[in-house]
Every structure is written in structure tokens, then in C-alpha cells.
Amino acid sequence: MNVTKLHPVSLPSMPTDLASLEAWFDQRLDEQLAAREAAKIPSLAIIATKGTMDMAYPPFILASTAAALGWDASIFFTFYGLELLKKDLTIKVSPLGNPAMPMKMPFGPEWLKRINMPIPNMLACNLPGFEHFATSMMEQTVKAKGVPSIRELRDICVESGVRLVACQMTVDLFNFRKDEFIPDIAEWIGATSYLAEAKKADVCLFI
Amino acid sequence: MQSNQTLDARGLNCPLPILRTKKSLSSLQSGETLKVVSTDPGSLKDMASFCAQTGNTLLSSQQAGSDYEFVIRKA
């Protein structure tokens with residue numbers, strides 16, 4: 001093997017025998033890869049498919065935090081997830097069909113706040129206004145614990161440059177009008193476009 | 001040590017202490033320091049992780065009663 005043919009211009013630090021050359025090359029490659037890794041901006045791509053309060057927190061918390069860390073973050077809202085982009089944000093939470101949801105008092109003495117009062121599905125689905133009640137309890141708990149509201153987190157996401165993208169098909173499917181949604185949506189796209197974006201992401205989550 | 005700015009994040013829970021810290025840091029010059037006071041126990045680990053990932057320096061991190069105090073130097 002003629003080394004001089006491979007490298008007609010030899011660097012001062014470059015060895016000439018093959019074994020040393022390979023070691024030199026490996027070292028250079030490691031350095032280059034490390035430099036590239038250090039310069040890379042991490043990215044997060046979340047697919048938000050649910051429109052209830054419990055499922056609204058993870059995408060907005062993770063995306064806003066990623067943005068605070070300097071990451072490129074995007075959320076693709078599809079199916080019921082699209083509710084989270086409505087101007088009129090009326091998201092609810094219910095223990096119905098959600099058996100792990102703790103039912104605890106948001107106020108009162110500490111001992112009372114620790115007691116879990118699971119509501120049987122039979123009751124939760126038959127009591128008029130129960131969902132409203134459960135949602136209001138959750139909102140009070142969130143507020144008392146200093147956790148931001150969904151609206152607040154969404155505003156932070158918008159301010160901090162999280163890319164909010166929405167599913168075109170869902171709008172057509174549920175006969176939504178685009179003016180029902182916040183104007184901060186970067187794009188209305190389909191599966192093909194989002195997969196291209198998700199493919200490049202370091203972290204991709206389906207929520 | 002006198003910090004250039006103080007952020008009172010007491011009573012706030014995840015992820016607000018970090019988000020507010022990021023916001024406060026953006027108004028500082030490189031080399032200036034920010035003091036953050038929080039009550040969220042999670043912020044102990046999160047603040048260290050935030051600084052490690054963003055290149056800012058966590059000069060100190062300590063617990064004072066029910067408060068956590070951090071001093072961050074902006075990169």
C-alpha cells in the first residue's frame with residue numbers, strides 16, 4: 001500500500017508507517033466525533049395523542065424543560081391531543097376508566113389530604129357533574145402545590161420556541177375549524193412530515 | 001457573596017424553578033451570578049443537571065431550613 005498516494009499532502013504531525021498512521025487516524029476520528037457530539041444541539045420530538053389534563057402535563061413539561069436546556073423541541077398534536085391547542089382550553093380529568101388517579105382533598109388538614117378516596121366507576125359515570133368536580137379538585141391541588149396550569153405551560157412552550165405542530169387529518173376527521181386553535185401552531189402536517197422530523201430527534205416520545 | 005440577581009422560586013414546583021431560572025439567566029451578562037431560592041426538593045438534582053447541560057456553573061447548592069439555595073454563574 002502506497003501511503004503517499006492516500007495522503008499526497010502530509011501534515012507535520014502525521015506519521016508515515018502504516019501502523020502509526022492507523023493509530024493517528026483513529027485518534028483524529030475520536031477527536032472529531034467528540035467535537036461533533038459536543039457541538040450538537042439535542043432534540044426532542046413528542047407525539048401528544050391525549051386531551052385530558054393528566055396526559056397534557058407530560059408533553060408540555062418535557063418540551064418546555066427541553067427548550068430551557070437549549071434543546072430543539074417539538075410536539076406533534078394528533079387525535080385528542082389536538083384539544084390541547086384549542087384557544088378555549090377546557091381540558092378535564094376524570095377517575096372514570098383511570099383507576100390509578102388518586103382522589104385526594106386539595107385542602108384541609110394534612111391527614112385528610114393524604115387519604116385516597118377511590119371513586120367506583122359506577123358512581124363516577126352516573127353522578128351528574130362528577131367530571132367537573134374531579135377536574136376542579138385537580139386544578140386546586142395543582143395550584144396549591146405550585147405546579148403550573150396547562151395554559152401557563154403552553155404559553156411558556158410558545159414563548160420558549162417549542163415547535164407546535166398539528167395533525168391535518170384530525171381537523172378534518174372531527175370537523176374542527178382551524179380558527180378554533182391558537183395561532184402559534186407552526187404547521188399543519190401529516191404522518192409523513194412528522195416522521196421525517198422525528199427520525200432526526202435524539203428523544204422521541206409517544207404520549 | 002453578593003449575587004447580581006435573586007430569583008425567588010419558593011412555592012413553585014417542577015418544572016417552574018428551572019424555567020424561571022433559565023429566564024432570569026437570559027437577562028444576565030456572561031460571568032454574572034444568579035441566586036435562586038426554591039422549596040422544591042427536586043430542584044436540588046435538577047439545578048445541577050440544568051447547569052451541567054447548559055454550560056452554566058453551579059457555584060453553590062445548599063439547603064437552608066426548608067429552602068434550597070443555589071448560586072449560578074452564567075456562562
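Values quoted throughout were computed directly from the atomic coordinates according to the rules given, and no laboratory measurement underlies them. Computed from a predicted structure; not experimentally measured. Cβ coordinates were reconstructed from backbone atoms using ideal geometry, including for glycine residues, and neighbour counts include every protein chain displayed.
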In whole angstrom, note down how far apart the Cα centers of the range A:61-86 and chain B are.
-> 24 Å
Proximal lysines relative to B:LYS35, as straight alpha-carbon distance under 22 Å, when same-chain residues fewer than 8 apart are discounted = B:LYS22, B:LYS23, B:LYS45, B:LYS74
With Cα atoms, 0 to 90° folded angle of helix B:43-54 axis to chain B main axis = 20 degrees
CD proxy at 222 nm, helix term only [per DSSP H run n ≥ 4: -39500 (n - 2.57); per residue of the protein assembly as shown; nearest 500] = -12500 deg cm²/dmol
Using a 10 Å cut-off on Cβ to Cβ distances, tally the other chain neighbours for every residue of B:15-21 and report the average as a whole number.
-> 6
Charged-residue dipole, Cβ positions (Lys, Arg, Asp, Glu), the range A:110-207 about Cα centre, Debye nearest 20 | 300 debye
Please figure out what share of the DSSP beta bridges in the range A:43-206 is antiparallel and state it in percent, rounded to the nearest 5.
-> 5 percent
Provide, in order from the shortest bin, the percent of all Cα-Cα pairs of the range A:97-161 in each 5 Å bin, continuing until the bin that contains the maximum pair distance.
-> 3, 15, 20, 21, 16, 12, 7, 4, 1
Relative packing of peptides A:84-90, A:14-20 - highest average C-beta neighbours within 10 Å first | A:84-90, A:14-20
How would you rank A:72-79, A:189-196, highest first, on the average number of other Cβ atoms within 10 Å across their residues?
-> A:72-79, A:189-196
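Which net charge results when you count Lys and Arg as +1 and Asp and Glu as -1 among the other residues whose beta-carbon is under 12 Å from that of B:VAL37? It would help to have the intermediate numbers written out before the result.
Details: positive: B:ARG10, B:ARG20, B:LYS35; negative: B:ASP8, B:ASP40, B:ASP67, B:GLU69.
Net charge around B:VAL37: -1.
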Counting all Cα-Cα pairs in chain B, those more than 17 Å apart amount in percent to 32 percent
Lysines within cross-link reach of A:LYS200: Cα-Cα under 18 Å, excluding same-chain residues under 8 positions apart?
-> A:LYS40
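Classify the protein assembly as shown from the C-alpha gyration tensor, please: rounded if a/c falls under 1.5, else prolate or oblate depending on whether a/b exceeds b/c.
Working: a/c = 2.60, a/b = 1.55, b/c = 1.69.
Judged from the Cα gyration tensor, the protein assembly as shown comes out oblate (a/c at least 1.5, b/c at or above a/b).
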For A:129-141, A:99-111, ranked highest to lowest by mean beta-carbon neighbours within 10 Å, the order is A:129-141, A:99-111
The value for the range A:43-206 (convex hull of the alpha-carbon atoms, volume per residue, Å³) is 129 Å³
